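Below: one structure, written as structure tokens.
The values are calculated or read from the model by the stated rules, or taken from the named source; none is laboratory data. These figures come from a predicted structure and were not determined experimentally. Counting neighbours? That spans all protein chains shown, and the Cβs are built from the backbone with ideal geometry, glycine included.
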Amino acid sequence: MNHLVLGYVGLVIGVIVTKKTIVWRVGQVGRVLLILPATVLVNMNMTISNVRYIITRDFVSLGLTVLSIWLLPLILLASQQHIVSESLIYQRVFVGCQVFLTGALVLAFIASDLLLFYIAFESTLLPTLILITR
């Protein structure tokens, strides 16, 4: 589970520091690579012995997590033609907000601690505000 969250953090940093010509390629390759750990989540044994620390998975959170991960590539593919005419800063902010939002949703869906869920859920509000107001 932790590798999913760290993967999203790395993808946000990668989108921010890459050159102008490969911003979308880094986003596309990174999001496809993050789909692979999501398919591993489906095959894991869902017994109570797997509940460790503050991150857990059950059937509802598993479905929402996989749905969030699979929707990111579709969102970025659907908006690429519209965003490519914007400035480079806006492209990076858009892709970064989408990736951060998906990572925060994944963290919120797999959290079993109420405080971690609250922090992860509240961290989705700022990227959502940025995406809506732009």
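Points to keep in mind about this one:
- The one condition in (1) more than 16 Å from Q28 (Cα to Cα); (2) under 17 Å from the mean Cα position of the chain (by Cα) that Y90 fails to fulfil: (2)
- Taken together, the residues in region 105-128 that are touching a residue at least 60 places away in the same chain (Cβ under 8 Å) and either crowded, with 16+ Cβ neighbours inside 10 Å or under 18 Å from L11 (Cβ atoms) (or both) amount to 4.
- Yes/no for R57 being of a type in the set (K, R), outside any helix (DSSP H, G or I) and either over 15 Å from G7 (Cα atoms) or at pLDDT 85 or above (or both): yes
Table: residues versus (1) under 24 Å from T18 (Cα atoms); (2) part of a helix (DSSP H, G or I).
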{"residue": "L77", "(1), (2)": "yes, yes"}
{"residue": "S85", "(1), (2)": "yes, no"}
{"residue": "A104", "(1), (2)": "yes, yes"}
{"residue": "L107", "(1), (2)": "no, yes"}
